[in-house]
Amino acid sequence: MRKILMIGVILLAICISISAVSADDSWSFNFSSSESSNSEGGAFSFGSNNLLQIQGLNYTIPDGYKENESYRVVGDDVNQSSMPEGSKITTAQFINGNDSIIIKAVFSDEKIDEYTPTDNAVEKEIAGQKGWIEEFNDGVCFDYLKDGKLVEIFTPDEKVLESILESADK
């Protein structure tokens, strides 16, 4: 009888603890598979119409690409001295055969309005968006600042990059 009573007390303490933590505005539970969020503004959703919503930015992923859900990161800490303290990152990857699209959004309570590109990056405007592009053996990477966030888009080629940027909210 004592063991059952002790288990009941422990379960009651756990329930009270969870209730207290979830009542705090800075913490949230989210069990949805199509949308993820955290208290610092981490937001992600990808729908059947190929619409990616990441940190309040919208992009249409080209047909044929499927999300690699194991690559998804929502609201993880960014540990780079070049970013404001407390910066977070949300990342998504889409695969089509050997081709990959990776979209990252870095955000912070402070507006991110400065970015120092790598030495190999070249300033360029693509689909009306000014940023920095760098070519690699397996694709191109385009970094730009949008709505106080740093966005990085990696695609197999510049044509795919342009189609994604054309679909973005202007």
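If you go through segment 149-161 one residue at a time, do you hit one that is closer than 16 Å to residue 51 by Cα, at pLDDT 90 or above and more than 15 Å from the chain's Cα centre (by Cα)?
yes
In this structure, does residue 62 turn out to be modelled with pLDDT of 55 or more, in contact with a helix residue (DSSP H, G or I) (Cβ under 8 Å, 6 or more places away or on another chain) and assigned to a loop (DSSP other than H, G, I, E, B)?
yes
Please enumerate the residues belonging to segment 64-88 that are small (Gly, Ala, Ser) and under 16 Å from the mean Cα position of the chain (by Cα).
Hits for segment 64-88 are 70, 75, 86, 87.
The values are calculated or read from the model by the stated rules, or taken from the named source; none is laboratory data. All figures in this text were calculated on a predicted structure; none of them were measured in a lab. When we count neighbours, we look across all protein chains shown, and the Cβ atoms used for this are built from the backbone with ideal geometry, even at glycine.
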